[in-house]
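Notes to accompany the following structure.
The values are calculated or read from the model by the stated rules, or taken from the named source; none is laboratory data. Everything quoted here is computed from the prediction, not taken from an experiment. Cβ placement follows ideal geometry from the backbone for every residue including glycine, while neighbour counts extend to all protein chains displayed.
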Amino acid sequence: MGERGNREQDSPLMELVARTEGLQPWRRVFHAGNGVFIVAALGTLPIETWTALVLLGSILSVLLLMDGLRLTNPKLNRIFFQAFTSLASPREAGKVASSTWYVGGVLLALLLFPRSVALAGVLVLALADPAAGVVGRAVGTRSFGAGTVQGSVTFALVAFLCLLPFAPWWAGMTAAVVATLVEALPWPLDDNLTIPPATAGTLVLLTTLL
């Protein structure tokens with residue numbers, strides 16, 4: 001009886017979550033736009049890295065607080081899915097939002113690696129990830145890790161093109177493959193958190209050792 005009651009209580013939330021299923025085009029545009037904006041701003045404007053870290057850390061703190069509140073309060077969770085129907089994802093109904101992990105990934109890359117390679121990792125997250133999602137959903141037929149072969153090939157190609165302005169082609173190609181594996185394989189951590197530091201770390205390792 002208790003389990004049935006829980007399902008009935010959650011049914012309004014589940015109806016809202018169902019509206020976020022599918023290709024989610026505005027979510028992918030938002031994903032790409034945020035990353036491109038960050039790369040453009042930190043790549044062209046005279047913003048100190050420590051200033052960017054403080055700003056990103058503050059945003060991350062607010063997002064974590066919001067996630068904590070909505071995940072422990074069904075009413076707030078419903079409000080979240082009502083307000084962000086075009087941007088939310090079904091998996092966020094019971095988990096930390098992807099945007100929170102996104103900010104965390106950018107922050108981690110900037111904290112651990114030189115600014116230029118950190119921004120390279122952010123650009124890969126911004127463009128390769130949504131491109132892979134669109135292709136994987138549209139024409140993906142063979143599974144690979146958490147996605148599809150077609151989606152992963154798209155991710156690798158877009159990532160390589162993103163990295164060409166930042167590193168030698170061979171380093172960019174290797175980093176693109178590493179980022180593709182990080183995105184595709186079912187790691188316990190969200191790929192929005194892992195892609196920027198994994199990409200930047202690979203570039204630093206390759207250009208330092210070779």
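Within region 165-180, track down each residue that is surrounded by 15 or more Cβ atoms within 10 Å (Cβ to Cβ), more than 15 Å from Pro114 (Cβ to Cβ) and of a type outside the set (Val, Ile, Thr).
Passing the criteria: Gly172, Met173, Ala176, Ala179.
Does Trp101 satisfy the criteria of being part of a helix (DSSP H, G or I), aromatic (Phe, Trp, Tyr) and surrounded by 19 or more Cβ atoms within 10 Å (Cβ to Cβ)?
Criteria met by Trp101.
Enumerate the pairs (first residue in region 110-133 and closer than 17 Å to Gly147 by Cα and without any contact (Cβ under 8 Å) to a residue 40 or more places away in the chain; second residue anywhere and of a type in the set (S, T, N, Q) and part of a helix (DSSP H, G or I)) with beta-carbon separation below 9 Å, excluding pairs fewer than 6 apart on the same chain, so at least 6 apart or on different chains.
Every condition considered, the pairs that remain are Ala131/Thr154.
I need the full set of residues from region 56-70 which are out of contact with any Leu (no Cβ under 8 Å at 6 or more places or on another chain) and either among the aliphatic types (A, V, I, L, M) or within 15 Å of Val106 (Cα to Cα) (or both), in order please.
Hits for region 56-70 are Ser58, Ile59, Ser61, Val62, Leu63, Leu64, Leu65, Met66.
Residues Leu16, Leu55, Leu42, Leu69: which one is more than 21 Å from Ala126 (Cα to Cα), surrounded by 12 or more Cβ atoms within 10 Å (Cβ to Cβ) and modelled with pLDDT of 95 or more?
When all the criteria are applied, what remains is Leu69.
Take the residues in region 181-210 that are free of Cβ contacts under 8 Å to residues at least 24 places away in the same chain and in contact with a helix residue (DSSP H, G or I) (Cβ under 7 Å, 6 or more places away or on another chain), then tell me which one is surrounded by the fewest Cβ atoms within 10 Å (Cβ to Cβ).
Trp187
State yes or no: is Ala126 under 9 Å from the mean Cα position of the chain (by Cα) and under 24 Å from Val62 (Cα atoms)?
yes
In the list Leu76, Leu71, which residue meets the criterion of being of a type outside the set (Phe, Trp, Tyr), assigned to a helix (DSSP H, G or I) and touching a residue at least 24 places away in the same chain (Cβ under 8 Å)?
Leu71
Inspect all residues belonging to region 152-170 and state whether any of them is under 27 Å from Gly22 (Cα atoms) and not in a helix (DSSP H, G or I).
Looking through region 152-170, none of the residues is under 27 Å from Gly22 (Cα atoms) and not in a helix (DSSP H, G or I).
Here are some residues: Gly151, Gly121. Which one is buried (at least 22 other Cβ atoms within 10 Å of the Cβ), of a type outside the set (S, T, N, Q) and within 14 Å of Val204 (Cα to Cα)?
Answer to the check: Gly121.
In region 109-129, is there at least one residue being in a helix (DSSP H, G or I) and touching a strand residue (DSSP E or B) at 6+ places or on another chain (Cβ under 8 Å)?
Scanning region 109-129 turns up no residue that is in a helix (DSSP H, G or I) and touching a strand residue (DSSP E or B) at 6+ places or on another chain (Cβ under 8 Å).
Would you check if Trp50 is in a helix (DSSP H, G or I) and under 22 Å from Val134 (Cβ atoms)?
So Trp50 does not fit the description; no.
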